[in-house]
Each structure stands twice: as structure tokens, then as C-alpha cells.
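Below you'll find the structure I mean.
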Amino acid sequence: MKTLTLQRLIDLGACADQRELFRETFGDSVDVTPELCVSVADKFDWRWAAEHLLSAPAWAEYERATAPAWAECERVEAPAWAEYERVKALARAEYKRVEAPAWAEYQRVEARTFGELYEGGAQS
């Protein structure tokens, strides 16, 4: 077991959100174990931690060990992301269709109001 301190995270430039989460979860320090890490797997930025806290050989091993899971994650989310982009494009097109006449009317009112006020002597 090795101890990780909040001060070490601060010294390495961990982001404020992760430092605060560490403090809330562990206090000023924690003894790191695989079981502990798994118990908070969804809370911390493990890639940042691996890159900044592991030795170069351990970082390379981390990359090798996590690559298959990352590839699977990307494979599974690709169709969902494509569907999201398709739906977003349709929604954006509908928004523009609805918004265009309202925006044009606003611009006409804006221009007319300026012209009327300027013509009436309200300029500075």
C-alpha cells in the first residue's frame, strides 16, 4: 500500500474539482489499493492520475492494459454518438426554420424603432 496525499495532487496541478473530491472522499491522504480505486471508479480522473502519478514504465503498462477497454467503449458508443449527431442536426434545422421568421421580424422592429427615434431627434 502506498499513501497518496492531497498535497501531492496540488503539487502536480490536479484540477480544483478533483482536489475537492479527494478532500471530501479521503481527507488529506489515503492508502491506495486496487479495491479502493474500484470503489470510487466513477468519481476520479484515472487517466490523469495514471499519467501524473505512475512511473514511465507503469504508465506504459496502464496504457497497454486499458487500451482494449477503451476500444470497446468507443465501439459501443459510436452508433449512439452517430444517432445523437443525426437527431441534433434535425433539431437544429427545425430550430432555424422556426427561428428565421421571428428573427427577421425582430430585425424589422429593431430597425424601424431606431429610424423613428433617430428621425424624431432622439440622437445624442
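Provide the gained length on full extension for the span Asp11 to Ala78, in nm with one decimal, where the gain is 0.36 nm per separating residue minus the Cα-Cα distance.
Extra length from Asp11 to Ala78 when fully extended: 20.4 nm.
Output ³J(HN,Hα) for the stretch 74-88: one whole-Hz value per residue in order, computed from phi by the Karplus curve 6.51 cos²θ - 1.76 cosθ + 1.60 with θ = phi - 60°, and x for Gly and Pro.
Per residue, the Karplus-derived 3J(HN,Hα) values read 5, 4, 6, 7, 4, x, 5, 5, 4, 5, 4, 4, 5, 5, 4 Hz.
Report the full-extension gain for the segment Cys37 to Ala102: residue separation times 0.36 nm, less the Cα-Cα distance, to one decimal in nm.
The Cys37-Ala102 span can extend by a further 18.1 nm.
How many nm is it between the label spots at Ala111 and Glu61, if each spot is 7 Å from the Cα in line with the beta carbon?
7.0 nm
Spelling out what I want: for every residue of the stretch 28-39, take phi, set θ = phi - 60°, compute 6.51 cos²θ - 1.76 cosθ + 1.60 (Karplus), and round to whole Hz; glycine and proline get x.
Couplings: 7, 7, 8, 8, 7, 9, x, 5, 4, 4, 5, 5 Hz.
Something else about it: Rounded to the nearest 0.05, what FRET efficiency is calculated for Ala93 and Ala71 with R0 set to 30 Å and r the Cβ-Cβ distance?
Calculated transfer efficiency: 0.35.
Okay, next question. So which trypsin sites (Lys or Arg not before Pro) in the stretch 22-124 pass both tests, a DSSP loop state and at most 13 other Cβ atoms within 10 Å of the Cβ?
Lys43
Could you give the dipole magnitude of the chain about its Cα centre, charging the beta-carbon of Lys and Arg +1 and that of Asp and Glu -1, in debye to the nearest 20?
That gives the chain a dipole magnitude of about 240 debye.
May I ask for the percentage of alpha-carbon pairs in the stretch 1-53 that lie more than 12 Å from each other?
65 percent
Placing +1 on the Cβ of each Lys and Arg and -1 on the Cβ of each Asp and Glu in the chain, which of Ala78, Trp59, Gln18 has its Cα farthest towards the positive end of the resulting dipole?
The Cα lying farthest towards the positive end belongs to Ala78.
If you put +1 on each Lys and Arg Cβ and -1 on each Asp and Glu Cβ, how big is the dipole of the stretch 1-46 around its Cα centre, in Debye rounded to 20?
With only Lys, Arg, Asp and Glu charged at Cβ, the dipole is about 120 debye.
Tell me the relative contact order for the chain as a rounded percent, counting alpha carbon contacts under 8 Å between residues six or more apart.
18 percent
Quick check on the exposure proxy: order Ser39, Ser55 from fewest to most C-beta atoms within 10 angstrom.
Ser55, Ser39
List the residues whose amide H sits under 5 Å from the amide H of Ser29, counting only those 5 or more places along or on another chain, with H placed 1.01 Å from N in the peptide plane.
Residues meeting the criterion, in which the H sits 1.01 Å from N, are Leu6.
If you find the alpha carbon centre of the stretch 90-124 and of the stretch 13-58, how far apart are they in angstrom?
When both Cα centres are located, 52 Å separates them.
Same structure again: Send over the semi-axes of the stretch 24-113's equivalent ellipsoid, whole angstrom and largest first, taken as the square roots of 5 times the C-alpha gyration tensor eigenvalues.
Equivalent ellipsoid of the stretch 24-113: 49, 20, 12 Å, largest first.
Every read-out reported here was derived from the displayed coordinates using simple, explicitly stated rules and does not represent laboratory data. Since we're looking at a predicted model, the values are computed, not measured. Note that we place each Cβ from the backbone using ideal geometry, even for glycine, and neighbour counts take in every protein chain shown.
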